[in-house]
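Derivation of every value follows stated rules applied to the coordinates shown; laboratory data play no part. No experiment lies behind these values; they were computed from the predicted model shown. Positions of Cβ are backbone-derived with ideal geometry, glycine not excepted, and every protein chain shown enters the neighbour counts.
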Amino acid sequence: MAELIRLESLRVVYSQKVVLDGLDLTVAPGEFVTVCGQTGCGKSTMLRLILGSEQPAAGKVLIDGVQLPRPDRNRGYVPQKYSLFPDKTVLENITFGPETEEFGLLGRLTPKFFKRREEFRAEARRLLQQMGLQQADAEKYPDQLSGGMQQRVAIAQALIMRPKILLMDEAFSALDPGTRSEMQKLVRNLWRETGTTVLFVTHNIAEAIYLGTRVVVLGKESPETPARVTLDLAVPEDCRTETGYPRREDLERMMKQVEDAALGGKLELEMAEFAG
Amino acid sequence: MLFRVDAKPGRALAWTLSWFLFIAGISGYFWTSHTRHLENPEDKVVPNLAQMAQGWTDAVLKPAEDDEVQADAATQSVMLKIRNSMLWKDTVASAKRFLIAMLLLIPAVLLGLHMGMFPVIGEFFLRFILFFDKIIALSVLPILFIAFGIDELSKIMLIVIGVTPTIILDTFNLSKSVPQEQIVKGFTLGAKDFTIAYRIVLKQIMPRVLNSVRLNLKAVMLFLFAGEMIASQDGLAFRIALLRRHMGMNTIIPYVLWVALLLFLVDFTMRVANKKLHPWFREA
């Protein structure tokens, strides 16, 4: 099986406290991996290691077999907050990636840049539409949009780069339930259409099972011990009903499994209600 | 009822309250002036309106230096008179120094930005500038006069020493305060270090940097005036210091108000420009 991401016995230490130790994980291209766990179990840390914005104290992060020193254009990122540039319009936010990739600071002054920019804008507008935004929103600034709209733009901004991996860190946690489930549907459809590998960190169990083809649970026995993978659960596509969720009995079993695996499930894991 | 934290003064009351001190101050002044002029019609300490009008027209319409009086002064156009006037020449001289000082703030902003973005540059400069910032600029004025002479350079250096550390440190802190997510996002969108520094961070902090410069305008003027009062042959503060010797209150007061008006206009222009240039910016 081809592997896109390989984590090898990762160890992360924050001010003498071991957060992760001996973490191994491989992700194949096209998978939708959701990472679940209680607050402080290191799931966001794991995401940042794959992203490259943080380096492990020991162990290796291999993307397509290579260790990468810092984040790059192959790994798209959608954080919970500050996901858009506040000083740029929606359209400028989306075209920022392709523009900077092709043209440096001085390259922006060449005539070719203005020609290419029109093409980028056309593609950005197409993506906007795909994300369910109005064309009128294109000229707005991020703080004129609702939280859900902002995250739609942030996803478009990441997807225009066609990254190998899309990393989403609690991307929907600040949204209200209605918007949140719309966004979940959107992301699932986008994943189906584009085939991008997605790694999605959440503390909402129902969200993890709904979105993922695979749910990875990080847990720890006590606050002092490092976290480890306590469950690696495949969610087969064929057990899903037309709502997108697995059949009721499967779902309940899976949620129970995830909850148990998170060990401190009673701590701060969101047992979200779901439609069904 | 009136003195409550949740009081809602009506329009008329609010208007009266906010203008009261102006009216009281102006009336107090002219009342003092009036009583003093009753005793001594030539009183120069508290000039009345007529004296000030005279001082103002002299400043605006009379040539700056007595020895340069031209024979055809009577036939000169008003514009030409203004161009040759004391006030015009002083304003231009001060404005020149002010503009040079403002231009020198641009490298200060860029240095602060690079210190904030590149840890190596930050480590190199930060401690030194923190130290430099604690030096009272006026206390090194004698050193500046000795080192740079008493001409323009020492006056500009005084402003630079007094204001740039604040601007550098402010920009440094502002660029540090941009959320890490934005920088990581930049990398994932294929941006290189300088693109991140200039197109993500600088662009985002620019309105705050401009506000910080606005707050420091008074400091710039303060150092400019200190330099001009101590060693200069022209400039607004030079004139104020000079006229003090002649008790020229009828010119000093209009000058003080003129300087306040100029500073207000600069600040106002910067505020409007800031808003126009950064429509996305919301004051936090």
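Things to note:
- Charge dipole of the stretch A:63-146 about the Cα centre (unit charges at C-beta), most positive-ward option of A:ILE63, A:THR95, A:LEU106: A:LEU106
- C-alpha long axis of helix B:86-117 to longest principal axis of chain B, angle in °: 10
- Residues whose amide H lies under 5 Å from that of A:VAL19, counting only those 5 or more places away or on a different chain, are A:VAL12, A:VAL13, A:TYR14; hydrogens are built 1.01 Å from N in the peptide plane.
- Cα shape, the stretch A:1-120, gyration tensor, a/c 1.5 rule: prolate
- Interatomic Cα distance distribution for the protein assembly as shown, bins of 20 angstrom, percent: 16, 36, 26, 16, 5, 0
- Taking every residue in B:125-131 and counting other chain Cβ atoms within 10 Å of its Cβ, the average works out to 0.
- Computed label-point distance, nm, for sites A:ASP143 and A:ALA234 using a 7 Å Cα→Cβ extension: 4.9
- Summarising the strand pairing of the protein assembly as shown, around 50 percent of its internal DSSP beta bridges are antiparallel.
- Residue separation of A:ASP64 and A:VAL13 scaled by 0.36 nm, minus their Cα-Cα distance, works out to 15.8 nm of gained length.
- Positive dipole terminus of the protein assembly as shown, leading residue within A:LEU10, A:THR197, B:MET221 (C-beta point charges): B:MET221
- The charge dipole of chain B, taken about its Cα centre with unit charges on the Cβ atoms of Lys, Arg (+1), Asp and Glu (-1) only, comes to about 1260 debye.
- Here the stretch A:130-208 has an Rg and Dmax of 12.5, 36 Å, counting Cα atoms alone.
- Test item: A:88-96 mean partner chain Cβ contacts at 10 Å: 2
- Each label point was placed 7 Å from the Cα along the Cα-to-Cβ direction; for A:GLU118 and A:ASP260 their separation is 6.3 nm.
- Using C-alpha pairs under 8 Å with a sequence gap of at least 6, the mean separation divided by the residue count of chain B gives a relative contact order of 22 percent.
- Gain in span if fully extended, B:LEU153 to B:HIS34, counting 0.36 nm per residue against the direct Cα distance: 38.4 nm
- Here r is the Cβ-Cβ distance between B:LEU80 and B:ALA231 and R0 is 30 Å; the resulting FRET efficiency, rounded to 0.05, is 0.50.
- Ranking of A:TYR141, B:TYR29 by count of other Cβ atoms within 10 Å, fewest first: B:TYR29, A:TYR141
- Distances between placed amide hydrogens fall under 5 Å for B:LYS62 paired with B:MET86, all partners being 5 or more residues away or on another chain.
- For A:TYR82, A:TYR14, order by how many other beta-carbon atoms lie within 10 Å, fewest first: A:TYR14, A:TYR82
- Phi-based couplings in Hz for the stretch A:204-220 (Karplus 6.51, -1.76, 1.60; Gly and Pro marked x): 9, 5, 4, 4, 4, 6, 5, 7, x, 8, 7, 10, 9, 10, 9, x, 9
- Taken about its Cα centre, the protein assembly as shown carries a charge dipole of roughly 620 debye when the Cβ of each Lys and Arg holds +1 and the Cβ of each Asp and Glu holds -1.
- The order of B:HIS246, A:HIS203, B:HIS278, going from fewest to most other C-beta atoms within 10 Å of their C-beta, is B:HIS246, B:HIS278, A:HIS203.
- q = 0.09 Å⁻¹, chain B: log10 I(q)/I(0) [Debye, one scatterer per Cα]: -0.65
- Taking the Cα centre of chain A as origin and assigning +1 to Lys and Arg Cβ atoms and -1 to Asp and Glu Cβ atoms, the resulting dipole is close to 720 debye.
- FRET E, pair B:LEU130, B:LEU265, Förster distance 45 Å, beta-carbon r, rounded to 0.05: 0.85
- 3J(HN,Hα) along the stretch A:92-106: 5, 4, 6, 7, 3, x, x, 4, 5, 5, 8, 10, x, 4, 7 Hz, from the Karplus curve 6.51 cos²θ - 1.76 cosθ + 1.60 with θ = phi - 60°, whole Hz, x for Gly and Pro.
- Residues whose placed amide H lies under 5 Å from that of A:THR230, excluding near-sequence neighbours: A:VAL217, A:LEU218, A:GLY219
- With contributions of -39500 (n - 2.57) from each DSSP H run of at least four residues, the per-residue ellipticity at 222 nm computed over chain A stands at -11000 deg cm²/dmol.
- Sorting A:120-127, A:44-51 by their mean Cβ neighbour count within 10 Å, with the most densely packed peptide first, gives A:44-51, A:120-127.
- Highest GNM mean-square fluctuation among B:LEU17, B:LEU111, B:LEU257, for chain B modelled with Cα contacts below 10 Å: B:LEU17.
- Using a Förster distance of 41 Å, the FRET efficiency for A:ALA28-B:ARG282 (Cβ separation, nearest 0.05): 0.40
- 0 to 90° range, to nearest 10: angle between helix A:177-194 axis and chain A longest Cα axis: 80
- Shielding by partners - mean other protein chain Cβ count within 10 Å, residues of B:276-282: 3
- Mean separation of Cα pairs under 8 Å and 6 or more residues apart, divided by the residue count, gives chain A a relative contact order of 25 percent.
- Cβ crowding within 10 Å averaged over residues, with B:217-227, A:185-195 ranked highest first: B:217-227, A:185-195
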